[in-house]
Amino acid sequence: MPELPEVETVRRGLVQAMEGRRIERAEVNRPDLRWPLPEGLAERLGGARVTLLRRRSKYILADLDTGESLLIHLGMSGRMLVSGVTLGRFHLDHPVPQKHDHVVLHMEGGARVTFNDARRFGAMDLVRTDREAAHWLLAGLGPEPFGNAFNEGYLVAALKARKSPIKTALLDQHLLAGLGNIYVCEVLFRAGIDPRRAASRIAAARIAALVPIIREVLSEAIEAGGSSLRDHRQADGELGYFQHAFRVYDREDAPCPACGTPIRRIAQGGRSSYFCPQCQR
Ligand SMILES: [Zn+2]
């Protein structure tokens with residue numbers, strides 16, 4: 001499941017092909033993805049100019065000069081392919097159409113953006129840009145990790161009343177938008193906090209210290225995504241998936257990079273938590 005850094009990498013990879021350009025033609029090959037696609041999607045996209053490409057949490061928003069924004073969610077298996085442009089060191093030729101190419105945007109200037117999703121857990125919707133905050137997928141979201149509303153005071157106050165484990169609390173999208181299982185594990189390792197600790201019982205200073213750590217972990221992953229765009233090895237135009245060097249995530253029984261103790265995996269709220277029982281208290 002792509003998390004915030006992967007989605008941000010996809011967004012950055014799409015900017016060149018989409019931002020400031022007109023969608024000459026939109027090809028919509030089925031009526032639904034995870035949910036039904038909006039009525040008249042192809043007609044409403046065709047001829048519209050993309051004025052700005054943004055991200056909110058794990059959603060990409062393409063603002064159109066028609067007053068609507070195209071909301072894109074990659075879901076579990078959605079893939080964005082860009083072709084007909086030069087990305088990093090490679091010129092990406094248009095690929096042969098694939099079975100699960102559900103939406104294809106033919107951009108002014110010859111670029112093509114293809115949304116391919118074999119399992120169809122992804123989604124697309126059109127929302128009036130000035131009413132975006134009320135959209136059902138966006139309405140309940142907490143502040144962005146890089147936004148001003150997310151700060152030490154906010155996090156300390158928000159976690160004070162939470163009796164749930166810190167791991168579970170940080171995954172709550174109402175509290176903070178865009179942080180998923182992988183990066184919460186990495187954040188808690190870097191902060192030296194045991195994922196099982198009740199959020200409300202952690203000292204305010206340790207909670208406050210999480211704010212810069214969250215930003216640092218996400219920034220590093222976005223930077224890694226940026227280098228994967230620049231040195232795109234496969235040159236197939238698929239955006240957003242790249243190899244990370246995680247310190248604890250998916251490293252059960254491997255030695256902790258700080259102390260050598262085997263990394264433990266436990267289940268919390270149906271998700272795997274990876275942590276060092278020695279370094280995280
Ligand atoms: Zn350790």
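Some notes on this structure:
- Qualifying residue in segment 233-247 (condition: at pLDDT 90 or above and under 19 Å from Gly192 (Cα atoms)): yes
- Residue in segment 22-52 that is nearest to the chain's Cα centre (by Cα), counting only those that are closer than 13 Å to Leu64 by Cβ and assigned to a strand (DSSP E or B): Leu52
- Being over 21 Å from Glu6 (Cα atoms) and of a type outside the set (A, V, I, L, M) holds for only one residue in Gly110, Gly178, Gly122, Gly142, and it is Gly110.
- Some residue of segment 55-65 being outside any strand (DSSP E or B), crowded, with 17+ Cβ neighbours inside 10 Å and touching a helix residue (DSSP H, G or I) at 6+ places or on another chain (Cβ under 9 Å): yes
- Hits in segment 252-281 - residues which are without any contact (Cβ under 8 Å) to a residue 40 or more places away in the chain, within 12 Å of the ligand (Cβ to nearest atom) and in a strand (DSSP E or B): Pro255, Pro262, Arg264
- Set Ala224, Ala199: member being under 21 Å from Ser57 (Cβ atoms) and at pLDDT 85 or above: Ala199
The values are calculated or read from the model by the stated rules, or taken from the named source; none is laboratory data. Computed from a predicted structure; not experimentally measured. Quick reminder, even Gly has a Cβ in these numbers, built from the backbone with ideal geometry, and neighbours come from all protein chains shown.
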